[in-house]
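K.L.:
To start, I am sharing the structure in question, which I have written as structure tokens.
The values are calculated or read from the model by the stated rules, or taken from the named source; none is laboratory data. The structure presented is a predicted model; accordingly, all values stated were derived computationally and were not measured. Ideal geometry is used to build each Cβ from the backbone, glycine not excepted, and the neighbour counts take in all protein chains shown.
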Amino acid sequence: MNQKLRRFVSGEELWQWRKTAQKAAIAAKVSPSELDWLLQEVAGLERLTLCLESFRDLPQIPIQLEIEELDRLWQRRLSEFLPVQYIAGVVYWRNFKLAVSPAVLIPRPETEQLIDLAVMAAKNSSISLEQGHWADLGTGSGAISLGLAEIFPQAKIHGVDCSSAAIEIARKNSLLLGFGSRIKFYQGFWWEPLALFKGKLSGMVSNPPYIPSALVAKLQPEVAQHEPRLALDGGDDGIDCLRYLVETAPDYLLPGGVWLAETMAGQAEIVASLLHDRKSYTNISIHTDLAGIERFVLALKIN
Ligand code: GLN
């Protein structure tokens, strides 16, 4: 979305459009609260202003896109399930406002917890990990890298993604949020760009693709039809990437380094036993998300 051109709409015109768009949303069983969130983002209106409809009297409201374009995208939200975050081009995640596009998965609220688990793991390790190098494999929008950079102010973060379009977005997010000097992003396949860090990483954090291939098409249409398949499809049983990360991480982690990943419901036990069978990890633990689903698996590389 081009934010450089200044466009304006009258309060009355926007009010009229919102009324029509609300009705269409209800008819399509989409929550009208999504519409108001979108208007907060693209027209800078407060929730209360929207709620009280007090913007109707404003002669000019700056807006990031023409009302015709907004209408066209809102129709796509309703008829094609285009996620509203892709229309606004942003998502809120932890303390950050992140740019997103259909080139990257929309960071989920449950993934925020990975960062808190990394902190806990670093505290529990026998070695000091907060000042070292951390890898975020499959970084997408860069969310996990940014979360790690924020909570480990002394650390250097290395975000990797095979998609160059994703890396472009991750870099943009990191620069806008002032982390340009502490996070380095690399386009490449998993560890490939990190050969220099063999045996030196304090931790690896990843939210890899973990949906079984046959299930991808059955996810809600917003996800299945619009989010990048590359970020979702984890092979036949969904565990291909997690298995690969269990297998390969010991070559890159310091003794006492952290292995931490997100999984789908039902996969955590399997991943924990893969870690166990690899015989290079200790302190293997499973952690639930806020919905009570076993979602995260954590381990330390043996000393
Ligand atoms: N959590 C995402 C979903 O539920 C999947 C992300 C992933 O595969 N890592 O759609």
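K.L.:
Within region 157-167, can one find any residue that is more than 13 Å from Val104 (Cβ to Cβ), in a loop (DSSP other than H, G, I, E, B) and touching a residue at least 12 places away in the same chain (Cβ under 8 Å)?
P.N.:
Quick first cut of region 157-167, residues more than 13 Å from Val104 (Cβ to Cβ) only: 157-158, 160.
Subsequent filtering for residues that are in a loop (DSSP other than H, G, I, E, B) retains none.
No, because not a single residue in region 157-167 is more than 13 Å from Val104 (Cβ to Cβ), in a loop (DSSP other than H, G, I, E, B) and touching a residue at least 12 places away in the same chain (Cβ under 8 Å).
K.L.:
Please determine whether any residue of region 223-230 is in a strand (DSSP E or B) and either touching a helix residue (DSSP H, G or I) at 6+ places or on another chain (Cβ under 8 Å) or modelled with pLDDT under 95 (or both).
P.N.:
no
K.L.:
So for region 190-207 (the condition being within 15 Å of the ligand (Cβ to nearest atom), buried (at least 18 other Cβ atoms within 10 Å of the Cβ) and among the β-branched types (Val, Ile, Thr)), does at least one residue qualify?
P.N.:
yes
K.L.:
Please state which one of Asp236, Asp251 is surrounded by fewer than 23 Cβ atoms within 10 Å (Cβ to Cβ) and either in contact with an Asp or Glu (Cβ under 9 Å, 6 or more places away or on another chain) or over 24 Å from Ala155 (Cβ atoms) (or both).
P.N.:
Only one candidate passes the filter, namely Asp236.
K.L.:
Glu262 is checked against (1) among the charged types (D, E, K, R); (2) away from the ligand (no atom under 11 Å from the Cβ); (3) closer than 18 Å to Ala135 by Cβ; (4) buried (at least 17 other Cβ atoms within 10 Å of the Cβ) and fails just one. What number does that condition carry?
P.N.:
Result: Glu262 passes all but (2).
K.L.:
When you scan region 109-119, how many residues do you find that are within 16 Å of the ligand (Cβ to nearest atom) and either under 17 Å from Thr282 (Cβ atoms) or of a type outside the set (D, E, K, R) (or both)?
P.N.:
Residues that pass the stated criteria total 6.
K.L.:
So, in region 249-284, of the ones that are touching a helix residue (DSSP H, G or I) at 6+ places or on another chain (Cβ under 8 Å) and β-branched (Val, Ile, Thr), which residue ends up nearest to Val205 (Cα to Cα)?
P.N.:
Only one residue tops the list, namely Val258.
K.L.:
Name the residues in region 120-149 that are touching a Phe, Trp or Tyr at 6+ places or on another chain (Cβ under 8 Å), part of a helix (DSSP H, G or I) and away from the ligand (no atom under 16 Å from the Cβ), would you?
P.N.:
Selection gives Ala122, Leu146, Leu148, Ala149.
K.L.:
Against the definition (away from the ligand (no atom under 11 Å from the Cβ) and either in contact with a helix residue (DSSP H, G or I) (Cβ under 9 Å, 6 or more places away or on another chain) or not in a helix (DSSP H, G or I) (or both)), how does Val246 come out, yes or no?
P.N.:
Numbers: away from the ligand (no atom under 11 Å from the Cβ): yes; either in contact with a helix residue (DSSP H, G or I) (Cβ under 9 Å, 6 or more places away or on another chain) or not in a helix (DSSP H, G or I) (or both): yes.
It is true that Val246 is away from the ligand (no atom under 11 Å from the Cβ) and either in contact with a helix residue (DSSP H, G or I) (Cβ under 9 Å, 6 or more places away or on another chain) or not in a helix (DSSP H, G or I) (or both).
K.L.:
Sticking with this one: So is Ile106 within 16 Å of the ligand (Cβ to nearest atom) and either free of Cβ contacts under 8 Å to residues at least 12 places away in the same chain or among the aliphatic types (A, V, I, L, M) (or both) or not?
P.N.:
Yes; evaluated as a whole, the condition is true for this residue.
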